[in-house]
Amino acid sequence: MWYFPIIPRLQRLFKIESISEDLRWHATRRITDGVLRHPADSQAWRTIDEKFPEIAEDTRNLRLGISADGVDVNTGNRHHSVWPVLTVIYNLPPWLCMKRKFINLSVLISGYPGNDIDVFLEPLVDDLHTLFETGVDTYDASTKDNFNLRAVVLWTINDYPALGTLCGCPYSGFKGCVVCGKDTNCVRLSASSKQSYVGHRRYLPYNHPFRKQKKAFNGQQEFLQAPIPMTGEQIYNEVKHIENKWGKGKRTNNNASENQEDTRGRGGKIQKQKRNTTEEEGSSSQVNRQNGVYWKKFNIWYQKLKYWRHNHVPHCIDFMHVEKNVAESIVGTLLHVSRKTKDGLNARLDLAELGVKPEFFSMQDEDKTTLPLAGYTLTNAKKDIFCETLHNIKVLEGYCSNFFSLVNLKDRKLIGLKSHDYHMLMQEFFPIAIRSIMYPPTRYAIIRFCFFFKSICRKEIILQELDKMQAELVVTLYLLEKFFPPLFFDIMIHLTMHLTREVKLCSPICFR
């Protein structure tokens with residue numbers, strides 16, 4: 001692990017007069033008209049100012065964001081993972097916040113830290129603790145004087161697995177939503193051996209007519225209310241009694257674990273070897289079932305930063321990660337790409353087991369199994385039209401990748417798309433590609449989904465419009481549940497329910 005001290009670099013910013021003035025932009029030049037344009041307009045920023053007036057009294061005190069994620073470094077036949085931890089400064093104007101020169105690499109972790117990531121983050125969190133509790137004496141070039149620099153972290157930004165690792169709660173399984181927590185609505189699909197996060201009707205108003213429909217869902221009316229996210233204080237009260245145990249512990253040779261770890265053999269091939277379980281090691285789901293505890297650890301943020309419990313959204317979901325996975329699921333299902341599609345024999349067997357949508361049950365005819373056509377099923381001719389439409393799209397240089405090289409017309413699939421390519425596909429190109437080839441109700445539901453992603457990515461958002469976006473999203477997910485199989489609704493589809501909440505409490509998507 002390498003730690004690059006953050007305090008000297010933050011102090012250095014104030015030695016440059018122009019940058020020092022920009023660090024006060026949020027208090028001197030920001031427009032305050034109720035429109036959400038900057039993290040300073042958010043409820044999370046205002047709450048910290050109200051709870052800790054000593055932070056708010058000097059506009060030069062910093063508000064930070066922390067981002068951590070794993071990056072695979074592949075060299076030939078060798079595969080290695082590193083975890084960079086980046087620090088973002090939110091005092092700056094919107095056009096400077098996310099510039100590379102103001103994003104600091106704070107920690108670089110070699111390998112996958114897993115649940116022990118708190119150990120590697122300790123030097124950084126110790127410095128953040130110092131910046132909040134006592135501050136550091138800093139020279140300001142714009143005012144020609146010294147002041148006591150203090151700082152707070154408003155949230156972390158992570159893809160979903162890293163978010164679960166940082167906050168110390170399950171991110172898969174029956175309680176796989178970190179926002180819904182113990183009230184996550186999940187159904188086990190036996191044939192597909194997957195979990196399905198359906199039941200989005202409970203987010204509708206209680207008297208909404210869609211709650212009473214039975215045929216297209218589980219055959220029952222929906223009377224449950226939407227779960228209320230836990231507050232920071234509630235989470236702190238649950239985790240403060242947990243005793244952390246780091247490392248792999250003492251190994252025992254009595255029982256072999258079913259868990260397997262990958263080792264590299266000759267030629268870069270993966271050899272899977274069983275490893276012995278440890279006395280203190282085991283799957284989080286087994287530990288939770290035995291002890292009745294939802295949280296896996298008392299994470300370092302709650303331990304050392306006393307303001308952390310007052311953050312409305314301490315760990316933000318990476319929007320681009322969700323959008324990429326949603327787009328992959330839709331494209332894979334429409335084009336019926338192997339290992340990407342959410343439809344197939346197992347998905348139809350799950351429908352039969354749940355007793356829903358009998359018109360789509362698989363039919364056995366002697367030695368042949370037939371799957372009835374669904375509203376999202378495309379013929380080969382329509383798949384060709386879809387691929388040719390994307391293949392022929394021409395955009396300005398730098399707008400996105402050239403889709404001419406990303407579409408495989410022969411195999412009818414998309415290859416090599418990056419996150420930004422899926423971003424543009426979902427928001428711009430997808431409605432164009434399916435507008436004349438799909439069953440109209442299904443096409444309408446998908447296009448509504450695309451419009452939601454485009455609307456929530458705006459740089460200026462009126463708070464009242466977020467409530468309307470959320471209401472329309474619930475109806476959209478309701479429509480998708482009518483046409484797509486339960487296997488389609490993985491955790492990424494469900495997480496879209498919580499994106500508007502994060503925008504309302506934190507900031508526009510472009511800052512995270």
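The values are calculated or read from the model by the stated rules, or taken from the named source; none is laboratory data. All values derive from a computational prediction rather than experimental measurement. Counting neighbours? That spans all protein chains shown, and the Cβs are built from the backbone with ideal geometry, glycine included. Side chains are part of the model used for accessible areas, which takes the heavy atoms of the whole protein and leaves out ligands, DNA and RNA. Shrake-Rupley method; radii C 1.70, N 1.55, O 1.52, S 1.80 Å.
Observations on the model:
- Residue within the stretch 468-478 that is within 30 Å of Ile31 (Cβ to Cβ), in contact (Cβ under 8 Å) with a residue 12 or more places away in the chain and either touching a Gly at 6+ places or on another chain (Cβ under 7 Å) or not aliphatic (A, V, I, L, M) (or both) present: yes
- Options Thr143, Thr156; residue that is among the β-branched types (Val, Ile, Thr) and part of a loop (DSSP other than H, G, I, E, B): Thr143
- If the condition is being within 19 Å of Tyr160 (Cβ to Cβ), crowded, with 20+ Cβ neighbours inside 10 Å and among the aliphatic types (A, V, I, L, M), then the stretch 302-337 contributes Val313, Ile317, Val322, Val326, Ala327, Ile330.
- Scan of the stretch 31-61 for residues that are surrounded by 15 or more Cβ atoms within 10 Å (Cβ to Cβ) and either farther than 21 Å from Glu502 by Cα or of a type in the set (Ser, Thr, Tyr) (or both), ordered by number: Ser42, Thr47, Phe52, Ile55, Ala56, Arg60, Asn61
- Single condition Glu502 does not satisfy, out of (1) under 21 Å from Ala191 (Cβ atoms); (2) among the acidic types (Asp, Glu); (3) in contact with a strand residue (DSSP E or B) (Cβ under 8 Å, 6 or more places away or on another chain): (1)
- The stretch 469-489, residues that are in contact with a strand residue (DSSP E or B) (Cβ under 7 Å, 6 or more places away or on another chain) and either charged (D, E, K, R) or not in a loop (DSSP other than H, G, I, E, B) (or both): Pro486, Leu487
- Cβ-Cβ distances below 7 Å connect the following pairs, each with a first residue in the stretch 151-179 that is open to solvent by less than 10 Å² (accessible area, probe 1.4 Å), a second residue that is acidic (Asp, Glu), and a separation of six or more residues or different chains: Asn158/Asp69; Asn158/Asp318; Ala162/Asp69.
- Applying the condition of being out of contact with any strand residue (DSSP E or B) (no Cβ under 9 Å at 6 or more places or on another chain) and of a type in the set (S, T, N, Q) to the stretch 185-216 and asking which residue is most open to solvent (accessible area, probe 1.4 Å) yields Asn207.
- Here the stretch 346-372 is the region considered, the condition is being under 13 Å from Ser192 (Cα atoms) and in contact with a Leu (Cβ under 7 Å, 6 or more places away or on another chain), and the residue that is surrounded by the most Cβ atoms within 10 Å (Cβ to Cβ) is Ala347.
- Among the residues of the stretch 217-244, those that are part of a loop (DSSP other than H, G, I, E, B), open to solvent by 40 Å² or more (accessible area, probe 1.4 Å) and of a type in the set (D, E, K, R) comprise Lys240, Glu243.
Per-residue answers, yes or no, for (1) outside any helix (DSSP H, G or I); (2) among the polar types (S, T, N, Q):
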site: Ile432; (1), (2): no, no
site: Ile437; (1), (2): yes, no
site: Ser455; (1), (2): no, yes
site: Glu465; (1), (2): no, no
site: Cys510; (1), (2): no, no
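- A count restricted to the stretch 69-117 and to residues that are surrounded by fewer than 13 Cβ atoms within 10 Å (Cβ to Cβ) and in contact with a Gly (Cβ under 7 Å, 6 or more places away or on another chain) stands at 1.
- All of Asp126, Asp118, Asp137 fail the test of being over 18 Å from the mean Cα position of the chain (by Cα), modelled with pLDDT of 95 or more, assigned to a helix (DSSP H, G or I) and not aliphatic (A, V, I, L, M), apart from Asp126.
- From the options Asp350, Asp343, residue that is in a loop (DSSP other than H, G, I, E, B), in contact with a Pro (Cβ under 7 Å, 6 or more places away or on another chain), farther than 30 Å from Asp69 by Cα and in contact (Cβ under 8 Å) with a residue 60 or more places away in the chain: Asp343
- Leading residue by the ranking (modelled with the lowest pLDDT) among those in the stretch 25-43 that are out of contact with any strand residue (DSSP E or B) (no Cβ under 9 Å at 6 or more places or on another chain) and hydroxyl-bearing (Ser, Thr, Tyr): Thr32
- Positions within the stretch 306-320 being outside any helix (DSSP H, G or I) and within 15 Å of Glu133 (Cβ to Cβ), in sequence order: Lys306, Tyr307
- Residue count, the stretch 410-421 (criterion: assigned to a helix (DSSP H, G or I) and surrounded by fewer than 18 Cβ atoms within 10 Å (Cβ to Cβ)): 2
Results for (1) more than 21 Å from Thr496 (Cα to Cα); (2) at pLDDT 90 or above; (3) open to solvent by less than 20 Å² (accessible area, probe 1.4 Å); (4) within 25 Å of the chain's Cα centre (by Cα), shown as yes or no for each residue.
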| site | (1), (2), (3), (4) |
| --- | --- |
| His423 | no, yes, no, yes |
| Phe430 | no, yes, yes, yes |
| Ala433 | yes, yes, yes, no |
| Ile437 | yes, yes, yes, no |
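- Lys15 vs. criteria farther than 29 Å from Pro161 by Cα, open to solvent by 80 Å² or more (accessible area, probe 1.4 Å), charged (D, E, K, R) and touching a helix residue (DSSP H, G or I) at 6+ places or on another chain (Cβ under 7 Å): no
- Filter result for Leu378 (in contact (Cβ under 8 Å) with a residue 60 or more places away in the chain, part of a helix (DSSP H, G or I) and hydrophobic (A, V, I, L, M, F, W, C)): no
- Long-range neighbours under 7 Å by Cβ, at least six apart or interchain, first residue closer than 19 Å to Pro93 by Cβ and touching a residue at least 40 places away in the same chain (Cβ under 8 Å) within the stretch 47-61, second of a type outside the set (Phe, Trp, Tyr) and assigned to a helix (DSSP H, G or I): Asn61/Ile55
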